[in-house]
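Participant: This is the structure I want to talk about, given as structure tokens.
No value in this document is a laboratory result; all are computed from the given coordinates. From a predicted model like this one, the values you see are computed outputs, not experimental measurements. As a convention, Cβ positions derive from the backbone with ideal geometry for all residues, glycine included, and neighbour counts pool all protein chains shown.
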Amino acid sequence: MTDSLIRFFDGNENRSDEVKAFHAAIDTVRRATGVTWMMLQHLNKAGRDGHDVSAGDRLRGSGELKAHAD
């Protein structure tokens, strides 16, 4: 389990290409070892400008973080 991504990732969490490469490396380890990987990711501040925003859309960093979750 990683808590949070930024503690284990030297790249820019806002760049989808860098996050995607990190996920590819984790997936390689998962497939080779059979382990389960869980990542805790913090949310940014609640809705901006008074608008409600879903938790998935409030994840810090690239949208790739939400897209890769399963």
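Participant: Once amide H atoms are placed 1.01 Å from N in the peptide plane, what residues at a sequence separation of 5 or more from Thr2, or on another chain, have their amide H within under 5 Å of its amide H?
Facilitator: Excluding prolines and chain starts, which carry no amide H, the hits are Met38, Met39, Leu40.
Participant: Tell me which residues come under 5 Å, amide H to amide H, from Ser62 once H is placed; ignore anything under 5 positions away on its chain.
Facilitator: Distant-sequence amide H within range of Ser62: Asn14, Arg15.
Participant: Using the beta-carbon distance between Val29 and Arg58 and R0 = 35 Å, what value does 1/(1 + (r/R0)^6) give for FRET efficiency, to the nearest 0.05?
Facilitator: In this case the efficiency is close to 0.80.
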